Each structure stands twice: as structure tokens, then as C-alpha cells.
Amino acid sequence: MTLQSEVEVTARPRGSVISYAARIFVRIGVLPILVVIALITFSLMSDNFLTVDNIHSALRQNSYIIIATLGQFVVLLAGGFDLSIGAITALVSVSTAMAMSSQTGSPLSAVVIGIVVGVLVGMACGLLNGLGVASLNINPFIMTLATASVFSGLALMLTSGVPVSGLPMEFSDWLGYGSVFGIGISIWLALLAAVVLWVLLTLTRPGRHIYSVGSSPRAARLSGVNEFRTLILAYVTAGALAAVGAVLLTARLETGEANIGASLPLQTIAAAVIGGVSLRGGAGRVLDAVLGAVFIGIVANGMNLAQINSYYQMIVTGVVLALAVVADRLRTRLASAVYAGKV
Amino acid sequence: MTDPDHKVVLRVRGLTKKYPGVTALDGVDFELRKGEVHVLFGENGAGKSTLISIISGAQHPDGGTIEVNGRPVHLAGVAAARGLGISAVFQEFSLMPTMTVAENLVMGAEPGRFGLINRRRVRRLAQERLDEFDFHISPDRLVETLSRAEQQMVEIAKAFRPELSVLILDEPTASLTEEESERLFSLVEEARGRGIGIVYITHRMAEIRRLANRVTVLRDGKLITTVPGGTPDDELINLMTGRVVEDLYPELPEPGTRVVLAARDLSTFDGAVRNATFELRAGEIVGFAGLMGSGKSTAARACFGLERVDSGTLTIDGADLTRARPARVMKAGVVYLPSDRKTEGLLLNRPLRETVTLPWLHRGSISSGPVLRPGRESAVAGDMLRRMKLSPPDPERTADSYSGGNQQKGLLGRALLGDCSTYLLDEPTVGVDVGARVTIYDQIVELARQGNAVLVISSELPEILHLCHRVYVFAHGTITAELRQDDINEQTILRHMMHWDEPAKEIA
Ligand SMILES: Nc1ncnc2c1ncn2[C@@H]1O[C@H](COP(=O)(O)OP(=O)(O)OP(=O)(O)O)[C@@H](O)[C@H]1O
Ligand SMILES: [Mg+2]
């Protein structure tokens, strides 16, 4: 067992372009390659695609997906799933809007109260998921599938299916379309969420506990990790993040809607997986999840500009998800060949 | 080699396997004859498991050739190797935890017709197989409910298939006691008699003396030499480590008397332990001996809050901790080393550093408040890896990329990091090579010398005999004897382990 540095192995001179490409692929993973392909394709299809303005508005439109993906990511890390993330989004949208429109005071206080209510509702939803998974030991897939139905039902019940209007203008002016330093507030918020989450996960003890419970619940328990508290933390964080995303979406729509978010479970899981987060728990980085979500957003925007029908968009999302998983497996395979100096 | 008695069933030449940053095998030649037990011997991380994983089709080599019965073959997978009569028991098990013993035993060759599995026949076949080995395990039990030793037995039963020509056993006795190992040895000898070639990996010298026809020594992924079976122990160890290993067991210090942990009439809910009364004292090394399923591990797990306690009491430093959770017991200064490192110890897909520091994250040396100090953490983990002589000592490699023995050293090292006062060590040296054991035994004795209470649960009699001040012997869930220094000898322990009742005592 001779030790060699990785640099030495990868830097070995080899002729062909293909082997060079293979080594790049192994080094950086699937996602950057997908992003480049998407950028090239869409800028060929539409002149408006690769402009600062368009990329900015694509990010702003999709910042709620980025934030919801971060929520999904935390739960995936802890070895779970959150299929209720879309229903939480709907319920939060409705409750935020109802809380705001019922306020008679200044717009600022209405907005603040609305947001606080929304985030609390999101955290309560997460708490319910967490309790089911952590204390009743219900499989997260089933638990969140069940609560998804409950939360959607609640949202519809609260509104009788009618959008909640009468929100203060300032709400959508600020959160939906406002900018600071020329960059949309919602993008700043997504960035803030990512940074806070990164700090939680990599620099704090509870964050490390989330990784460990996802990697091996039994080993974590034997090391004195409180599995119950850790799972609750993961699901509540996911609920809170989904709520922040929901508030942003509501601000853009200018109404509280009970029928939004249906595609979020697929989109967020797809984004995380494309970003390289493991579905088996315990592995993945914040940056991966963010990049995965950005990619999903860019693809949607590009297809919109190219005037591709939204039905096709759904098909493309599914295909890209499957391809990303296959490509990642190929990468693992190639990795051993590259290190063995065969490629 | 035309001599029919020396017919080679398996030959590899120039086998090479590289992992990122490590060459696990470097041009190794190896041959296996019909009807021989060929032992692979080498330090932890020498490449033994890698070699057999390639022979058994579980991994692909990066270079070299494999011949079976003189014909070059390409082993596409485990199924392909099995088709050629090659079958393996891996160091890390390959059983399906959520399936029954019976389903696991017939997997890949389920009886039935038209794609429908005949469940009655599955059960019967499995029962026959278990009976043949005299293994007392119900075929209906789920594998995840079996202890590590029981899983080992099922693995072995699964590997012995009728149309076998090469049998590979990677540390098959790692968690078996003498009794069960003895049964395995006679199975191996019988298989050898039938002309099967057997590759056998072990760190136990007694097994090499007992079984080996030839021994191939690996060091750092390279072939050192192949020697005949009767080669003396110290010569083998010398070949393996490249140095001379002194006495294996250190001198024991005077035992202390202050009781730290006391269990009174402890019974677990599942009945695995009944009315066990034992105590651990400061500065003393206590041994738990017993056969598989005797309750020796369960008793320690109950102390650590991992088993449901039905009745009895447990006190630590005078405080009643009978039904406390592990986290609470840890706060009282107790640390537990689980015997099943893969499911209860390691965070397999995370850097080894995270496994090492996980129980100690709240210590001031690693965090301030809830905030971690990454630099300190790396230093703590890295120091420990070097002290325990892990190879390679890189805390950022994932736990699953370490060899079995190195994983064990990492977990034991983690237990020693805690600065605790009571150490419950279940099979502390399982899979660790002879050279590294010396270091581990020294450290265990050092713990006692510093005034800690140490419990060593071991299926290896020599460890019980040479490392312990006092021994509790378990049989069928109860403690059958408590032996003190001069009474600790092989016969007495074995007698109580088998629970040859009072009459035997009278005769003796
Ligand atoms: N999946 C992997 N990824 C990276 N390195 C690996 C992997 N598996 C094994 N190695 C490395 O290959 C080398 C040989 O490992 P191997 O498991 O063959 O050792 P071994 O001789 O069986 O040791 P032990 O006695 O501890 O079981 C070790 O240095 C190990 O770290
Ligand atoms: Mg091994």
C-alpha cells in the first residue's frame, strides 16, 4: 500500500482529449457539465437567454425553489424525505395572506405579522412531520405523504379554494420585486438562507448531529447523539425554509393560493440529487443543493424563453433527473479507472 | 506442476488494485491448490481483503490475470465467480438485514417453479443447511435481529454450497468463541478432505497452526513470500511486520478496590440476561467470557442503556442509572465500544474524523458552546489516528475506505479519547493484527493503571486469561462463575462456559 498524492495520479500526462475530459468529469461531477450544456443550448435557442437581466430575473423567479430545496436538503441529510414541502408552501401562502389581509394597521406591521405567522405555520408543519418520524417511527415517505394531504386539505378548507387577495402593495413591492444593490431581495434572502444553513451544518454541533443521524442512526445514538431532537431540528428547519420560500412566492403572486407547490417535492428532490446529495442520507453539501436548484431554475427559464410548452418542461425535468443519476454512477465507475491510471 | 496431488485450482499473476491515493495490491502472485488451506497473513491494510474480493468477483482488478483450473477467466461479478465454484464469506457481511435467515440462505438459488418461490421448501432447505452445521438459529428470524456472531454463522452456512471448488473465508472466527470456531474448523477440514481449495484469512496464530498447509504473507500490498504451514509463529510475525514483536501481553498492575459500576440481579426484557450481578472496580480489568448468545454482550449493553431492563438495578458511582439512556450513561463517565463496528460504530460514508469526534463534540477541546472548532477537531482526530498507528493516518478519508482492522483501531482509539472513568469494550481487538494488538493491550492496561474501571468482553480466551484481574463467565443468560486471578485458567472457564453443572465440579 504505497501512498501517492492524488495530484500525482491525476496529473499523469495522457494523450487523448477523451481521457482528459473523463478526468475533468471525475474531478468536478455532473452538475457543472449540465449547466454548461443548458447555457449553450438555450443561448442558441434564444438571444435573450444569456443576458444579465434574464439570468437575474430567472434567479429571482426561482429563489423560492432554491430556499425550498435547502429545506428538502436538510431532511435528506438526516436520512429522510419531505414530500409535504409543496403542501407546506400552499398552507403558508394561505395563512400569510390571511394574516396580512386581516390587519388594519400600517402596511409594515401587516407584512411583518404575515411573515411571522407564515414561518410559524411552516415550523409547526415541520414539527408535526418530525414528531411522526422521530417519535412514532413512521417511515418519512409515508409520514410526509400523509401530512401533505392534511396540509393541502387545510389550505383549501381555509380558503374554500378561492385565492386570498387584499394584500398590502408593499408586500409584493418589497419581497416580490424589490432590489438592494441592484440584486433582487429574494435572491439576497436565498443567499442568506444558504449561508445560515451552511454555518449550522458545518460549524455547529447540531449540524454535525444531522449528518451523523443520516449516515448511521444507530452509530449516532451509541455516540450519545439525541436522535429525536436531531430529527425534529431537521424537519422544523425544513418547514421554516419552505415557509420563507412560500412567503416569497406569495409576494410574487400577490395573492395567497392553496393550489401552489404541487411540483415542489419532485423539483426539490431532483435539484438536490442533481446537485449530488445522497438519497441515503449523511452526504451532501449546501453548495451542491443550491447549484442543483439553480440549474432547475435555469432550465425552466430557458424553456420558457424558447417557448416550450410547460408539459414538455415536466418531461424534461424528469429525464434530466434520471440522466443525472446515471451520470453520477458513471462518474463513480470512471473515478476508479482514472485513479488506476487506466484512462 | 503436473503432479495431480498439487493440482492448482486458482492462480493469479501480477494482481494490482489501486484506490485513490493507495495501492492496495501491487503485482501480487498467488496460487491455491486443490485440498489445501492457504492462509493469507499480513498487517491491517496489507491488502488481504482486497485480494479475496477480486478472486470472488466482488471487485475488478486494475491489472493482472486470474486463472481457474488453468484457464484464464474474467470475473464479471460475484455471480460469475459462483458459477465457477468460487464462494466467499466476506469480512463485512453481505446478508440482507430485513429478510429471514432462510431467505438469505437460499438467495440466488431459490427453489420454486415459474418464478414463484416455494416458501415451504425454502424453509426446509434452510433448516437442513443449518442442521448440517449444527447451528441453532431459527430459519424464520430476521437477520437484523441476529447478533454479529450469529450472522457470521449464517454467512458461513451460506458459503458452503454443494458445487464448491474454492472457498474463501475472511476472518471467519472474528466474533466466534472456541466452541463455535471448533465447529468451523472441522467443517473446513472436511471441505479440504473433499478436495476444495480454501483461502483463509486470520490474525490468530492458533488457527494458522491448526489449519494452514501454506501461508502467504502480504505487506503493503506486496507479496513477501509463501511458506509452508509449520513455520514458527515468531518467524511469521517477523515476515509480516518486518520487525520482532515482543511479549503480547503486558504485566497487570495491582487491582483497585473501589466499586465504580454495580449491577444487581439485572434481567433484560428479552431474557438474554437473567439475574446478573457483577461489579467493576477502579483500576481493575474485568473480563466477560461466554459462548455466542450467552448474554455477555447483552449485559454490557444493558449497562449502557441499549437494552430494555426488566428488573434489577444498575448504579454507577452510587447513582442509580438503571434505565438511563446512553447519553446519560456517557455523562456518568462510561464509554462503550460496540462489537459491530459497521452498524453501531462507524459513520461509513463520512470522513473518519467525524466518527472519531462524534461522542466528544461537546468537549471544550473541540467546540466552544455549540460552535465547532474545525482546526482543533482535525488535530484531535489526526493525533489519535497516528497514536493508534492507523494506515493511512488520514482523518479525511471516509470510514468505509479503511481496512477492517484499521476501522477497529479507529473506534477503539475513539473510546480511549474520551478521558472517561469506565470503559466497556466489546471485542476490542477483533480483526486487529498481532503487531497492533500489543499497542492495544498496553493501552488497556495503562487505563487500569490510571485508576479506570475496564471491562473486556472477549470471545478470545487468551485475552481473558492474560488481560483480566477478574472474570465473570456467562452461560445461557446467567453468570455461572466469578473467577479471581489464580482461578483464571482455560479448563475452569471452559467448564463454566459450557455450564457442565455441579456434578462435573464434584468429579474435579
Ligand atoms: N473502498 C476503498 N477505498 C479506498 N481505499 C480502500 C478501499 N478499500 C480498501 N482500501 C485500502 O486498501 C488497502 C488494503 O485494504 P484491505 O481491506 O485489503 O486490507 P486487509 O489486509 O484486509 O486489512 P485487515 O486485516 O485490516 O482487514 C488499505 O490501505 C485500505 O485503506
Ligand atoms: Mg480485511
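Brief remarks follow.
- The range B:181-238 - residue that is closer than 19 Å to B:Val28 by Cα, away from chain A (no Cβ under 14 Å) and surrounded by fewer than 19 Cβ atoms within 10 Å (Cβ to Cβ) and, of those, farthest from ligand 2 (Cβ to nearest atom): B:Pro228
- If the condition is being open to solvent by less than 30 Å² (accessible area, probe 1.4 Å), more than 8 Å from every other protein chain (Cβ to nearest Cβ) and either closer than 20 Å to B:Pro351 by Cα or more than 19 Å from the chain's Cα centre (by Cα) (or both), then the range A:208-231 contributes A:Ile210, A:Val213, A:Gly214, A:Thr230.
- Any hit, the range B:281-304, residues being at pLDDT 85 or above, closer than 30 Å to B:Glu31 by Cα and crowded, with 23+ Cβ neighbours inside 10 Å: no
- For A:Val196, the test of being closer than 18 Å to A:Val244 by Cα and either within 14 Å of chain B (Cβ to nearest Cβ) or open to solvent by 50 Å² or more (accessible area, probe 1.4 Å) (or both) is passed.
Residue-by-condition table, conditions (1) of a type in the set (Ser, Thr, Tyr); (2) part of a helix (DSSP H, G or I); (3) surrounded by 23 or more Cβ atoms within 10 Å (Cβ to Cβ):
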{"site": "A:Ile113", "(1), (2), (3)": "no, yes, no"}
{"site": "A:Gly118", "(1), (2), (3)": "no, yes, yes"}
{"site": "A:Gly126", "(1), (2), (3)": "no, yes, yes"}
{"site": "A:Ser152", "(1), (2), (3)": "yes, yes, no"}
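- Only one of the numbered conditions (1) within 14 Å of another protein chain (Cβ to nearest Cβ); (2) open to solvent by less than 60 Å² (accessible area, probe 1.4 Å); (3) in a helix (DSSP H, G or I) is not met by A:Thr250, and that is (1).
- Residue match in the range B:323-344 (condition: acidic (Asp, Glu), within 14 Å of chain A (Cβ to nearest Cβ) and not in a loop (DSSP other than H, G, I, E, B)): yes
- Output for the range B:345-365, where each listed residue is over 28 Å from the mean Cα position of the chain (by Cα) and either more than 9 Å from chain A (Cβ to nearest Cβ) or over 21 Å from B:Leu411 (Cβ atoms) (or both): B:Arg363, B:Gly364, B:Ser365
- Meets criteria (within 8 Å of chain B (Cβ to nearest Cβ), open to solvent by less than 40 Å² (accessible area, probe 1.4 Å) and not in a loop (DSSP other than H, G, I, E, B)) for A:Ala238: no
- In the set (1) away from ligand 2 (no atom under 16 Å from the Cβ); (2) within 14 Å of chain A (Cβ to nearest Cβ); (3) touching a strand residue (DSSP E or B) at 6+ places or on another chain (Cβ under 8 Å); (4) in a loop (DSSP other than H, G, I, E, B), the condition left unmet by B:Pro392 is number (1).
- Residue match in the range B:413-432 (condition: within 16 Å of ligand 1 (Cβ to nearest atom), open to solvent by less than 10 Å² (accessible area, probe 1.4 Å), more than 17 Å from A:Ser212 (Cα to Cα) and touching a Pro at 6+ places or on another chain (Cβ under 7 Å)): no
- Selection status of A:Ser46, surrounded by 22 or more Cβ atoms within 10 Å (Cβ to Cβ) and in contact (Cβ under 8 Å) with a residue 40 or more places away in the chain: no
- Flag: B:Val380 does not match the condition of being away from ligand 2 (no atom under 16 Å from the Cβ) and within 12 Å of chain A (Cβ to nearest Cβ).
- Unique residue being more than 14 Å from chain A (Cβ to nearest Cβ), more than 24 Å from the chain's Cα centre (by Cα) and of a type in the set (Ser, Thr, Tyr) when the list is B:Thr65, B:Thr16, B:Thr100: B:Thr65
- For B:Ser401, the conditions (1) under 17 Å from the mean Cα position of the chain (by Cα); (2) within 14 Å of chain A (Cβ to nearest Cβ); (3) within 16 Å of ligand 1 (Cβ to nearest atom) all hold with the exception of (1).
- When the criteria are applied in full, A:Gly284 fails the requirement of being without any contact (Cβ under 8 Å) to a residue 12 or more places away in the chain and assigned to a loop (DSSP other than H, G, I, E, B).
- So A:Leu70, is it in a helix (DSSP H, G or I), closer than 30 Å to A:Leu279 by Cα and open to solvent by 30 Å² or more (accessible area, probe 1.4 Å): no
- Scanning the range B:254-266 for residues that are under 16 Å from B:Glu307 (Cα atoms) and buried (at least 22 other Cβ atoms within 10 Å of the Cβ) returns B:Ala263, B:Leu266.
- The range B:21-67, residues that are in a loop (DSSP other than H, G, I, E, B), away from ligand 2 (no atom under 16 Å from the Cβ), open to solvent by 40 Å² or more (accessible area, probe 1.4 Å) and touching a residue at least 60 places away in the same chain (Cβ under 8 Å): B:Lys34
The values are calculated or read from the model by the stated rules, or taken from the named source; none is laboratory data. Computed from a predicted structure; not experimentally measured. Methodologically, a virtual Cβ is constructed for each residue, glycine included, from the backbone with ideal geometry; neighbour enumeration extends over all protein chains shown. Quick note on the areas: whole protein, heavy atoms, side chains included, nothing else; ligands and nucleic acids left out. Shrake-Rupley method; radii C 1.70, N 1.55, O 1.52, S 1.80 Å.
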